[in-house]
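One structure is given below, encoded as structure tokens.
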Amino acid sequence: MPADEAGRMSRRTALAGLTAMLATGCGRLGFMAANVPAAFGAHRRHPDISYGADPQHRLDVYVPKNVPVEPLPMVIFWHGGRWTFGDKADYRFVGAALAELGYVAVLPNYRHYPDVKMPGFMDDAARAGRWAAAHAGEYGADPQRLYLMGHSAGAHMAALVTLDERYFAASAQPAPPIAGVIGLSGAYDFLPLREADVQDMFGPPQNYPDSQPINFVRTDAPPMLLVHGLEDDTVSPKNSRNLAVALSARGVPVSLKLYPKGSHADTVAALSLPARGRAPTLADIEAFVRQPRPS
């Protein structure tokens, strides 16, 4: 086998291993490979800021080193992990990538099942959103340009806290203005619930419809970017397709990006330097945020 072809195969194998480990959430080497380059990026990281009383109510803020005079967009990113595991520290590469685009990135932790069931982690999402809007100016961000983003279960949370108005309405504070939602490999339309733990976390059965973002689509929802890999065997691409159809039917601007060879993890792993060539996630996010929004 020629040396260059062997090298390409080795890189493909390494990247496949990286995305597989990111998908499982238990591959420390995969996260290390993604995060080592991020530690040297052109950004400042403000770690472990409290946004609530629980030990899981902590977030990291990533700010570009060269902050322009004009306020920056702010993006909140919730990690995936089936609502049961994951940590913001594993996704430092996401914060670095977003700061590299010129955004202020906020990466919150949140409480997991079985410590809480829904709406526990959704209440955390709303709490983090309110914190970000209230503190945006301290980090050079514009609170009117707040984007909610997540991967997998985190994308579900970003969509649901945006579409189901009850979460932000539960506080005496006004709901933050949301400029857009960015969902990577998200779960939006996944009934029936088949796994026992998922049935428990979203139950009792009469509450199952409340777990589905697609059930709360409304005409005044903000624009959405829905990204999904067509080879995703963890969260079916129909979730993004169905939500895109529902949004479009109500006149909500939506951009659906389906990656033909993309896996469940590729959409987020492509934000890391080692796997950036696997999918155009970063370019699609940049194009979405750059679009003019109605005043």
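The values are calculated or read from the model by the stated rules, or taken from the named source; none is laboratory data. As the structure is a computational prediction, the values presented were derived from the model and not from experiment. Please note: Cβ atoms are built from the backbone with ideal geometry, for glycine as well, and neighbour counts cover all protein chains shown. Surface accessibility is based on the protein's heavy atoms, side chains included, excluding ligands, DNA and RNA. Shrake-Rupley method; radii C 1.70, N 1.55, O 1.52, S 1.80 Å.
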- Query: Can we say G81 is modelled with pLDDT of 95 or more, out of contact with any Phe, Trp or Tyr (no Cβ under 9 Å at 6 or more places or on another chain) and either charged (D, E, K, R) or under 29 Å from A196 (Cβ atoms) (or both)?
  - Reply: yes
- How about the range 124-229: which helices (runs of 4 or more DSSP H) wholly inside it have at least 2 residues that are under 15 Å from the mean Cα position of the chain (by Cα), among the polar types (S, T, N, Q) and on the phi > 0 side of the Ramachandran plot? none
- Just give me the residues in the range 227-236 being open to solvent by 10 Å² or more (accessible area, probe 1.4 Å) and not charged (D, E, K, R), in sequence order. L230, T234, V235, S236
- Which pairs do you get when a residue that is within 24 Å of K257 (Cα to Cα), found in the range 166-182, comes within reach of a residue that is open to solvent by 70 Å² or more (accessible area, probe 1.4 Å), reach meaning Cβ atoms under 8 angstrom, with the pair 6+ apart or on two chains? A179/Q144; A179/R145
- Query: Does A275 count as more than 14 Å from the chain's Cα centre (by Cα) and closer than 15 Å to H228 by Cβ?
  - Reply: no
- Item | Complete set of residues in the range 255-270 that are surrounded by fewer than 22 Cβ atoms within 10 Å (Cβ to Cβ) and either out of contact with any Phe, Trp or Tyr (no Cβ under 9 Å at 6 or more places or on another chain) or more than 19 Å from G154 (Cα to Cα) (or both) | L256, L258, P260, K261
- Query: In the set S248, S240, which member is assigned to a helix (DSSP H, G or I), open to solvent by 50 Å² or more (accessible area, probe 1.4 Å) and within 20 Å of Y147 (Cα to Cα)?
  - Reply: S248
- Note on the structure: How many residues of the range 44-53 are open to solvent by less than 50 Å² (accessible area, probe 1.4 Å) and touching a residue at least 60 places away in the same chain (Cβ under 8 Å)? The answer is 2
- Would you check if Y208 is open to solvent by 10 Å² or more (accessible area, probe 1.4 Å), more than 25 Å from D87 (Cα to Cα) and aromatic (F, W, Y)? yes
